[in-house]
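Here is the structure we will look at.
Each reported figure results from applying straightforward, stated rules to the coordinates on display, with no laboratory input. All values reported here derive from a predicted model rather than from experimental measurement. Because the Cβ atoms are built from the backbone with ideal geometry, glycine has one as well, and the counts that use them run over all protein chains shown.
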């Protein structure tokens, strides 16, 4: 799925799992997304609700596809966001920085 096709809002039932690193997240992320860097996913697997609709995003797709494959191995049905946060920003959707100001992906 492309970032432009994602829902407008995220909550407990519809989760955007952002697997980028802290500095990328701090620069700009989607309000309501869950931050779980790639290196922490295996340790924090129980934080991913198996009943939620989960979309996995990174900057451009490389890390997100790996996380999707990993989560699928554990029976989690997740959706890969192929163009990542770059696609989100290119589609004109808002991001927020760690300090609450308007964020940016690039």
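Values for this structure:
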item	result
For a label point 7 Å along the Cα-to-beta-carbon line of residue 77, residues of the range 19-61 with backbone N under 14 Å	50-55
Value at 222 nm in deg cm²/dmol, rounded to 500, when DSSP H runs of n ≥ 4 in the chain each add -39,500 (n - 2.57)	-6500 deg cm²/dmol
DSSP bridge pairs, the chain: antiparallel proportion in percent, nearest 5	15
Inter-site label distance for residue 90 and residue 104 at 7 Å from Cα along Cβ, in nm	1.8
Crossing angle, helix 62-73 versus the chain [Cα axis fit, 0-90 degrees, rounded to tens]	30
Length-normalised contact order of the chain in % [C-alpha pairs under 8 Å, at least 6 apart]	34
